[in-house]
Amino acid sequence: MLCSAKKILAAADKGGYAVGAFNVNNLEILQAVIETAVEERSPVIIQTSEGAIEYAGMDYLIAMMRVAAASPVPVAIHLDHGKDLKVIKRAIDSGYTSVMFDGSLLPYKENVAKTKQVIAWAKKRSVSVEAEIGAIKGVEDLVSVEEKQAFFTDPRQAADFAKATGCDSLAISIGTAHGAFKSKVAPELDIERLQKIDALVKVPLVLHGASGISPELVAKTKEHCSELEDCSRLAGAVGIPDSEIRRAVANGIRKINIDSDIRIAFTAGLREAIMLNHKAIDPRTLLAPSKKMIKEVARHKMELFGSKGRAKKP
Ligand code: G3H
Ligand code: 13P
Ligand code: ZN
């Protein structure tokens with residue numbers, strides 16, 4: 001059931017759970033996410049970044065995602081981190097049911113103005129719009145904790161921004177970071193700040209950079225490395241612990257973006273396939289373990305976020 005993200009997130013808000021927004025770059029990842037959502041009876045958001053569009057082409061991606069959305073659970077097709085207004089307009093006109101305008105690094109006034117422009121286009125086609133205030137920076141970008149916190153979302157500014165733009169959901173910065181190397185130690189989220197934002201902002205809140213990078217998942221990428229070399233190259237990778245995600249959901253986060261955990265699962269599966277099937281040359285054989293491992297990741301997230309079992313029976 002193809003839905004807008006607005007509808008999916010309104011139900012999540014009412015039910016007090018969050019919905020996973022999973023980045024998809026190819027057929028296998030998309031199938032893994034959708035099959036799991038159907039098996040777990042979970043609403044789901046499938047999203048493509050501008051990088052995914054550059055890689056696979058918007059026409060291919062939207063065609064595949066429309067097929068996926070014809071599943072018996074609510075599915076939104078979302079553009080993740082839209083920065084290029086031309087790509088955003090094309091996504092709105094091509095059948096995406098939700099787009100993000102990421103103006104988080106722009107001056108405040110420009111972020112408001114461009115977000116409003118995107119909303120004007122989106123409204124005409126009943127497409128939802130996610131906006132962002134406060135920047136989500138990783139440990140790679142910044143040296144000290146204080147420097148990092150300077151980019152956290154200011155609750156008052158978030159309320160003013162949501163009101164001024166009329167966005168349908170709002171991505172905020174409370175201590176997460178994109179990628180596999182989020183922090184030197186397991187990050188603690190600024191839950192007090194989240195509570196203040198949640199009290200002031202009426203629209204559903206979005207958490208980016210939320211992958212767990214669990215040691216178990218990282219270990220799977222190393223299973224077939226030689227003892228001499230860490231072929232997974234994930235030494236020192238740290239993600240957001242499940243306990244922090246639970247606290248975030250309990251305090252108002254309603255959409256959670258996951259990409260890195262999918263990438264790691266894909267890599268672990270592919271490495272396993274290549275190492276264990278030396279003679280295989282069939283891509284279907286080689287990609288099967290990746291799909292299986294991504295399904296395990298998606299299943300765990302749907303349970304963790306509380307979206308499992310929330311889709312109505314058809
Ligand atoms: O938040 C960004 C996502 O992880 C997408 O990454 O631009 O490399 O596709 P990408
Ligand atoms: P991760 O890198 O933590 O998976 O975050 C993904 C994300 O925020 C996509 O928008
Ligand atoms: Zn993101």
Task: Stretchable slack from ALA70 to ALA186, in nm (0.36 nm times residue separation minus alpha-carbon distance) - done: 37.9 nm
Task: Modelled FRET efficiency - R0 45 Å, LYS124 with ARG246, Cβ distances, 0.05 increments - done: 0.70
Open item on the list: Under 8 Å for C-alpha pairs, at least 6 residues apart: give me the relative contact order for the range 1-130, rounded to a whole percent.
Closed with: 27
Open item on the list: Starting from the 7 Å offset along Cα-to-Cβ, what nm value, one decimal, do you get for the label separation of ASN277 and GLU303?
Closed with: 2.7
Task: Under 11 Å, Cβ to Cβ, from ILE119 - net charge with Lys/Arg +1 and Asp/Glu -1 - done: +2
Open item on the list: 5 Å is the cut-off here: which amide hydrogens, built 1.01 Å from N in the peptide plane, fall below it relative to ILE172, excluding neighbours closer than 5 in sequence?
Closed with: VAL206, HIS208
Task: In Hz, Karplus ³J(HN,Hα) per residue of the range 262-278 (6.51, -1.76, 1.60; θ = phi - 60°; x = Gly, Pro) - done: 5, 4, 5, 4, 4, 5, 4, x, 5, 4, 4, 4, 5, 6, 8, 10, 3
Task: Solvent accessible area, Å² - HIS224, 1.4 Å probe, full protein context - done: 50
- [ ] Would you pull out the residues with amide H under 5 Å of ASN25's amide H, same chain only if 5 or more places away, H placed 1.01 Å from N?
- [x] LEU30
- [ ] Count the lysine pairs in the range 96-238 whose Cα atoms sit under 17 Å apart, keeping only pairs 8 or more residues apart in sequence or on different chains.
- [x] 14
Open item on the list: Using Stokes-Einstein with the Kirkwood hydrodynamic radius over Cα pairs, what translational diffusion coefficient do you get for the range 198-314 at 4 °C and a viscosity of 1.567 mPa s, in µm²/s rounded to a whole number?
Closed with: 81
TODO: Using a 1.4 Å probe and counting only protein heavy atoms, arrange TYR96, TYR60, TYR108 so the residue with the most accessible area comes first.
DONE: TYR60, TYR108, TYR96
- [ ] May I ask you to list the GluC sites (Glu not before Pro) in the range 9-45 that are in a DSSP loop and have at most 12 other Cβ atoms within 10 Å of their Cβ?
- [x] none
Open item on the list: Within the chain, what whole-number % of the accessible surface is contributed by carbon and sulfur, with the 1.4 Å probe and all protein chains included in the calculation?
Closed with: 55
Open item on the list: Let's test the formula: R0 of 25 Å, r as the Cβ-Cβ distance of LYS163 and LYS312. What FRET efficiency results, to the nearest 0.05?
Closed with: 0.20
Task: the chain, relative contact order in percent, only Cα pairs under 8 angstrom and at least six apart counted - done: 23
Open item on the list: What number comes out for accessible area per residue over the range 160-254 if the probe is 1.4 Å? Units Å², please.
Closed with: 45
- [ ] Collect residues whose amide H, placed 1.01 Å from N in the peptide plane, falls under 5 Å from the amide H of SER128; neighbours closer than 5 in sequence don't count.
- [x] ALA5, LYS6, SER98, VAL99
Task: Residue-by-residue Karplus 3J(HN,Hα) for the range 244-254, coefficients 6.51, -1.76, 1.60, Hz, glycine and proline x - done: 6, 5, 4, 5, 5, 5, 5, 10, x, 6, 10
Task: Between the range 282-302 and the range 179-200, the Cα center-to-center distance that results, in Å - done: 29
TODO: Leaving out ligands and nucleic acids, note down the accessible area per residue over the range 91-133 with a 1.4 angstrom probe, in whole Å².
DONE: 42
- [ ] List, largest first, the extents of the alpha carbons of the chain along their principal axes, each in whole Å.
- [x] 59, 45, 36
Task: Sparse-neighbourhood loop sites, GluC sites (Glu not before Pro) in the range 181-280 - DSSP loop, at most 10 other Cβ within 10 angstrom - done: GLU227, GLU229
Open item on the list: Using Cα-Cα distances under 8 Å and only pairs 6 or more residues apart, what relative contact order does the range 64-113 have, in percent?
Closed with: 31
Open item on the list: Apply the Karplus curve 6.51 cos²θ - 1.76 cosθ + 1.60, θ = phi - 60°, to the phi angles in the range 87-102 and return the couplings in whole Hz, x for Gly and Pro.
Closed with: 5, 5, 4, 5, 5, 4, 7, 9, x, 5, 9, 7, 9, 9, 9, 9
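The values are calculated or read from the model by the stated rules, or taken from the named source; none is laboratory data. Worth saying up front: this structure is predicted, and the values here are computed from it rather than measured. Positions of Cβ are backbone-derived with ideal geometry, glycine not excepted, and every protein chain shown enters the neighbour counts. Only protein heavy atoms, including side chains, enter the accessible area calculation; ligands, DNA and RNA are left aside. Shrake-Rupley method; radii C 1.70, N 1.55, O 1.52, S 1.80 Å.
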